[in-house]
Amino acid sequence: MSGKKGVIAIDGHSSCGKSTVAKDLAKVLAYVYIDSGAMYRAVTLFAMKNGIIGESGIDEQNLKAQLNDINITFKYDADAKLNETFLNGESIEEEIRGLEVSNNVSAISTIAFVRHRMVELQQAMGKEGGIVMDGRDIGTVVFPNADLKLFMTASPEIRAQRRCDELMAKNPADTSISLEAILQNVKSRDHIDSTRTESPLKQAEDALVLDNGNMTKPEQLQWILDVLKERNLA
Ligand code: DC
């Protein structure tokens, strides 16, 4: 980015390929990639494992008391484009992508004190620049002065199909994977993410919209690189 290492904020709906494009971009620009959704997923897993999420909902008092014991770190291999998330030193990358965490994460991410803590950690990660971060509130709350803000989207059906293909590719023998269940999860997360009071998912005024429903991965990446060039940022 013309000498200076900038900040690129990528927001948008769930399962629309934000992380894929963010990783590609980080590799081309030699930036660090941070998956902010993985942080909310890590808190959710912590809550599930520590009896904080139960039949009667979330024990917020208990979560608040333990919030500072939750240490989230990443190991990112830019060449392999592999990002691994760790919770208190233990790799949780597989576990946080499952449907159980996916079904609970929106509720955890509506809690104000959780969001404040995550935003604080994210801002600390980006303070030197040279970062591509994806999420829901990156351009609006975490980095309102980001050098480039993108808002990505695609139809719920396209997103559910992609997510289903991904899960099937990882676990071909898993007969419990259902496109209908995934579509419901995508729609319900869209609803919760965009209607919550605390930092709802919304497009920043100065964000560029990228609807990738009919775009290939290389086309998306090129589209962003063209914007960066036009703005003299790459
Ligand atoms: O990007 P993802 O699907 O892994 O995100 C998981 C959940 O976390 C999603 O339901 C919304 C929430 N999230 C959020 O509220 N704010 C962010 N910056 C990132 C994710």
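Being closer than 24 Å to residue 171 by Cβ and of a type in the set (A, V, I, L, M, F, W, C) holds for only one residue in 158, 131, and it is 158.
Is there a residue being surrounded by fewer than 20 Cβ atoms within 10 Å (Cβ to Cβ), within 15 Å of the chain's Cα centre (by Cα) and more than 21 Å from residue 81 (Cα to Cα) anywhere in segment 181-190? Yes. On the stretch given as segment 116-166, residues that are in contact with a helix residue (DSSP H, G or I) (Cβ under 8 Å, 6 or more places away or on another chain) and assigned to a helix (DSSP H, G or I) total 17. Number of residues in segment 175-228 that are within 16 Å of the ligand (Cβ to nearest atom) and in a loop (DSSP other than H, G, I, E, B): the value is 11.
If the condition is being closer than 19 Å to residue 127 by Cα and either within 12 Å of the ligand (Cβ to nearest atom) or among the aromatic types (Phe, Trp, Tyr) (or both), then segment 4-36 contributes 9, 10, 11, 22, 31, 33, 34, 35, 36. Within segment 38-61, the set of residues being out of contact with any helix residue (DSSP H, G or I) (no Cβ under 7 Å at 6 or more places or on another chain) and either within 22 Å of residue 216 (Cα to Cα) or buried (at least 21 other Cβ atoms within 10 Å of the Cβ) (or both) comprises 46 only. Close Cβ contacts (under 7 Å, 6 or more residues apart or on different chains) running from residues in segment 17-33 that are more than 18 Å from residue 128 (Cα to Cα) to residues that are at pLDDT below 90 and β-branched (Val, Ile, Thr) are absent.
Does residue 76 count as under 28 Å from residue 150 (Cα atoms), within 12 Å of the chain's Cα centre (by Cα) and either of a type in the set (Phe, Trp, Tyr) or surrounded by fewer than 17 Cβ atoms within 10 Å (Cβ to Cβ) (or both)? When the stated conditions are applied, residue 76 does not pass them.
The values are calculated or read from the model by the stated rules, or taken from the named source; none is laboratory data. All values reported here derive from a predicted model rather than from experimental measurement. All Cβ positions, even for glycine, are placed from backbone atoms using ideal geometry, and neighbour counts span all protein chains on display.
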